[in-house]
1. So which of Ile76, Ile98 is closer than 30 Å to Lys167 by Cβ, in contact (Cβ under 8 Å) with a residue 60 or more places away in the chain, in contact with a helix residue (DSSP H, G or I) (Cβ under 7 Å, 6 or more places away or on another chain) and of a type in the set (A, V, I, L, M, F, W, C)?
2. Is it fair to say Lys129 is touching a residue at least 12 places away in the same chain (Cβ under 8 Å), away from the ligand (no atom under 16 Å from the Cβ) and more than 19 Å from the chain's Cα centre (by Cα)?
3. Looking for whichever is part of a helix (DSSP H, G or I), assigned by TED's automatic domain parsing to the domain that holds Leu249 and either out of contact with any strand residue (DSSP E or B) (no Cβ under 8 Å at 6 or more places or on another chain) or among the aliphatic types (A, V, I, L, M) (or both) here; the options are Arg67, Arg32. Which one fits?
4. In this structure, is Ile38 β-branched (Val, Ile, Thr), within 16 Å of the ligand (Cβ to nearest atom), touching a residue at least 12 places away in the same chain (Cβ under 8 Å) and part of a helix (DSSP H, G or I)?
5. Which of the residues that make up segment 229-256 are in contact with a strand residue (DSSP E or B) (Cβ under 6 Å, 6 or more places away or on another chain) and either closer than 23 Å to Glu300 by Cβ or buried (at least 24 other Cβ atoms within 10 Å of the Cβ) (or both)?
6. Asn183 versus (1) within 27 Å of Val6 (Cα to Cα); (2) away from the ligand (no atom under 14 Å from the Cβ): which is the lone unmet condition?
7. Within 21 Å of Pro197 (Cβ to Cβ), surrounded by fewer than 23 Cβ atoms within 10 Å (Cβ to Cβ), among the hydrophobic types (A, V, I, L, M, F, W, C) and away from the ligand (no atom under 13 Å from the Cβ), is that true of Val329?
8. Among the residues of segment 17-25, are any part of a strand (DSSP E or B), more than 18 Å from His188 (Cα to Cα) and under 23 Å from the mean Cα position of the chain (by Cα)?
Amino acid sequence: MSKYQVNEKGYYGPFGGAYIPEMLYPNVEELRQQYLAIMQDKSFQEEFQQLLRDYVGRPSPLYHAQRLSERYNANIFLKREDLNHTGAHKINNTIGQILLAERLGKKRIIAETGAGQHGVATATVCALKGLECVVYMGEMDIQRQAPNVARMKMMGAQVVAAQSGSKTLKDATNEALRDWINNPVDTHYIIGSVVGPHPYPDLVARFQSIISEETKKQLLEKTGNDQPDYVMACVGGGSNAAGMFYHFLDDETVKLIAVEAAGHGVNSGESAATTALGREGVLHGSRSILMQTEDGQVVEPYSISAGLDYPGIGPQHAWLFKSGRGQYVSITDDEAMQAGLRLTQLEGIIPAIESSHALAYLEKMTFSGKENVVICLSGRGDKDLDNYMKYFNL
Ligand SMILES: Cc1ncc(COP(=O)(O)O)c(C=O)c1O
């Protein structure tokens, strides 16, 4: 049993658990009792693998980025989650969770979304399975990620605006939890990241673990060694990072780098750099690290990237940070935008602004020329074109 994986009580070190209102207990408990058995069932695995292959387009390529490698003096590989159907890693999880919901007999699906990628991925699998779909999204994110709102609507989903707080991901999550409390029997809540009460962080990480499972095989084929020196990913709630880290957790020669959003700067008062600014506390059903005031009120986060604009991180990340297994760093809006443009012009790949944060950290590292580095390119930049154009006056 890995010391970095969830224990039988639902904790990662001191983090995790299920801090939920009594009304949610039956739903979460049903999920907790059944998720492993369902996921390990042969018919589940067959359908999951078939959809990942034929519908999502997996395995996603591991691309050796030649010009990026030359710039940084390292062998840089991009795990191309941006090439998945719907354009990000989020679909790995929604495919898994829709099959889980079907087997739990649920007829109605709800989700929260920030960048809209998880909302689109949820609306997509609901169309695929003919299930009702309601997606909660902060009003501010509805405006800055308009193409994804259109995609969800076309797919038949109802998009409901969250109007409270900073009108972003945290507020959408609050609304989704409220809906679930009011509709406990027929509804499954597809959480989009490794957050929420146990067992969500574990089940989402398991569905996303396909990222590192494939990476190991692909790296072995390309370099003769399945252990890179570094794996890197951006962290909002932390699902693409959890998937990218999963099969490397116990191999401590592989360095794990998680990149948070510093917004206008860690100490600017407009940031989402959770590990730099946060303290231990409870948010959205689990004990983790979150940005909060002296008296425990959640601080409104800020990032140019809707998917990283969240005041917490999943409990496994809190544990990787606290135990020192992972290195948690942050990147500002400006650094991320420059990195997005750089990848576009060096490699012809327009990354999501979320993924640009992970790429930007390369600027702060030094290499000897021999290191193998894998970066999770969590999503494509189509949804962000407007933001890039405005930022660079194009
Ligand atoms: C492309 C992309 N990358 C990263 C994220 C951040 O989520 P997570 O930390 O769960 O991977 C999002 C969230 O919307 C996203 O759309």
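1. Ile98
2. Considered against the rule, which asks whether it is touching a residue at least 12 places away in the same chain (Cβ under 8 Å), away from the ligand (no atom under 16 Å from the Cβ) and more than 19 Å from the chain's Cα centre (by Cα), Lys129 comes out as yes.
3. Arg67
4. Spelling it out, it is not the case that Ile38 is β-branched (Val, Ile, Thr), within 16 Å of the ligand (Cβ to nearest atom), touching a residue at least 12 places away in the same chain (Cβ under 8 Å) and part of a helix (DSSP H, G or I).
5. Listed by number, the residues that qualify are Val231, Met232, Ala233, Cys234, Val235, Asn240, Ala241, Met244, Phe245.
6. Unmet condition: (1).
7. no
8. No, segment 17-25 contains no residue that is part of a strand (DSSP E or B), more than 18 Å from His188 (Cα to Cα) and under 23 Å from the mean Cα position of the chain (by Cα).
The values are calculated or read from the model by the stated rules, or taken from the named source; none is laboratory data. Quick caveat, the model's predicted, so the values are computed rather than measured. Neighbour counts run over all protein chains shown; Cβ positions are idealised from the backbone, glycine included.
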